[in-house]
Amino acid sequence: MLIKHFLPLLRFRPPWHHRGPALSAYNPSDPMPPLTEWSGGLHLSYRLVPVSDHLRTFLSAENGAPWQDVHAALPYDSERASPPETAPDPRRYRDAKQLYETAGFLYQDEGRVWFTDLGAALKRFLPRLSKTNAILVARHAALALAACQLRNPTDAGTKYDPSVRVFPFRAIWTAMLDLGLILSSDELNRALFKVTDDDSLARAIRAIHEARRSGRIDDLGSETIQGKGKNDRIIPWMSLASFGWTLIMDKRESPAEGYYHVRPEFITILEGALAAPARHREFSSVRAYAEYLGEAASLPKDVR
């Protein structure tokens with residue numbers, strides 16, 4: 001039954017026509033200048049199979065559930081709670097919401113959590129998903145991820161400068177397909193995290209090729225994300241680009257030691273998602289942006 005629902009994909013094209021009013025311009029009086037490099041503000045990563053606890057909690061919620069209910073249901077994390085608290089730290093909800101907003105699964109509006117078409121499909125099929133049938137959902141997820149913009153109306157997305165017009169997951173996939181299907185954390189942190197548009201992406205890929213030939217990683221420049229726990233803030237980007245480690249192997253699985261590796265069986269899916277046209281857009285609200293990502297997944301109506 002699951003396969004039957006997803007076979008119509010080949011007849012669907014992602015809806016790239018959706019428009020919306022421009023985002024508000026950056027206010028020079030704001031205390032922090034706008035970002036021109038990728039943020040290290042993501043603190044959580046997720047896995048689709050087996051499903052991460054915090055993803056299961058969100059997908060178990062009713063559509064339109066108050067955010068407080070989702071927060072209360074999240075697993076308690078003693079490392080992120082302040083003694084003597086025994087309930088989930090509010091940052092636990094904030095971090096997970098940011099992660100799944102970025103992935104195009106859901107959004108929060110007027111204090112309630114709403115699922116996009118992609119999130120609703122995941123919610124429906126997650127109990128039956130396995131490593132062998134994940135390709136059925138991954139094909140649609142790749143289309144949605146290909147439409148994700150670094151600068152967008154979410155709390156995290158509004159922090160970027162108007163000059164940032166990059167699709168982060170398209171950038172990661174494009175680089176990996178050009179670089180032998182592999183990418184290291186250093187290459188991400190020193191090169192790709194500084195990409196702001198197509199031209200700078202091409203320069204970053206050339207620089208990585210040259211750094212590999214010379215063996216001098218420092219030639220890529222300074223690290224974008226620095227300090228203690230920097231790898232914990234790099235990994236979330238790859239967990240998102242991989243659709244929960246479905247499209248891309250983490251370093252523990254990778255045959256190339258120290259590198260993330262595109263799964264060979266998903267190369268054509270990534271190539272197909274990259275072949276879809278992409279144009280950077282402005283959106284009037286988080287809801288408009290999230291619904292656009294859900295529509296971009298091109299899911300058949302009976303599985304949304």
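The values are calculated or read from the model by the stated rules, or taken from the named source; none is laboratory data. Keep in mind that what you see is a predicted model, and the values were worked out from it rather than measured. Neighbour counts run over all protein chains shown; Cβ positions are idealised from the backbone, glycine included. Heads up: the accessible areas ignore ligands, DNA and RNA and are worked out on the full protein's heavy atoms, side chains in. Shrake-Rupley method; radii C 1.70, N 1.55, O 1.52, S 1.80 Å.
Side notes on the structure shown:
- The set of residues in region 106-122 being open to solvent by 10 Å² or more (accessible area, probe 1.4 Å) and closer than 19 Å to Ala134 by Cα consists of Asp117, Ala120.
- Here the condition is being open to solvent by 10 Å² or more (accessible area, probe 1.4 Å), among the aromatic types (Phe, Trp, Tyr) and more than 23 Å from Glu37 (Cα to Cα); of Trp237, Trp245, it holds for Trp245 alone.
- In summary, helices (runs of 4 or more DSSP H) completely within region 1-107 and bearing 3 or more residues that are within 23 Å of the chain's Cα centre (by Cα) and modelled with pLDDT of 85 or more occur at 53-60, 67-73, 90-102.
- Cβ-Cβ under 8 Å pairs, at least 6 apart or on other chains, region 289-300 side under 17 Å from Gly272 (Cα atoms), far side open to solvent by 10 Å² or more (accessible area, probe 1.4 Å) and part of a helix (DSSP H, G or I): Glu295/Asp117; Ala296/Leu143; Ala297/Asp117; Ala297/Leu143; Ser298/Leu9; Ser298/Leu143; Leu299/Asp117
- Within region 239-281, considering residues that are free of Cβ contacts under 8 Å to residues at least 40 places away in the same chain and among the hydroxyl-bearing types (Ser, Thr, Tyr), the one farthest from Gly157 (Cα to Cα): Thr268
- Residues (buried (at least 16 other Cβ atoms within 10 Å of the Cβ) and in a helix (DSSP H, G or I)) located in region 273-294: Ala273, Leu274, Val286, Arg287, Ala288, Tyr289, Ala290, Glu291, Tyr292, Leu293, Gly294
- Filter result (modelled with pLDDT of 95 or more and acidic (Asp, Glu)) within region 268-292: Glu271, Glu282
- Selection count, region 256-272, where residues are open to solvent by 60 Å² or more (accessible area, probe 1.4 Å) and in a helix (DSSP H, G or I): 4
- Qualifying residue in region 168-175 (condition: of a type in the set (Lys, Arg) and under 25 Å from Leu99 (Cβ atoms)): yes
- In this entry, Leu220 is excluded by the filter for residues that are touching a helix residue (DSSP H, G or I) at 6+ places or on another chain (Cβ under 6 Å) and within 15 Å of Leu177 (Cα to Cα).
- Every listed requirement among (1) out of contact with any strand residue (DSSP E or B) (no Cβ under 8 Å at 6 or more places or on another chain); (2) at pLDDT 95 or above; (3) not in a helix (DSSP H, G or I) is met by Glu253 save one, (1).
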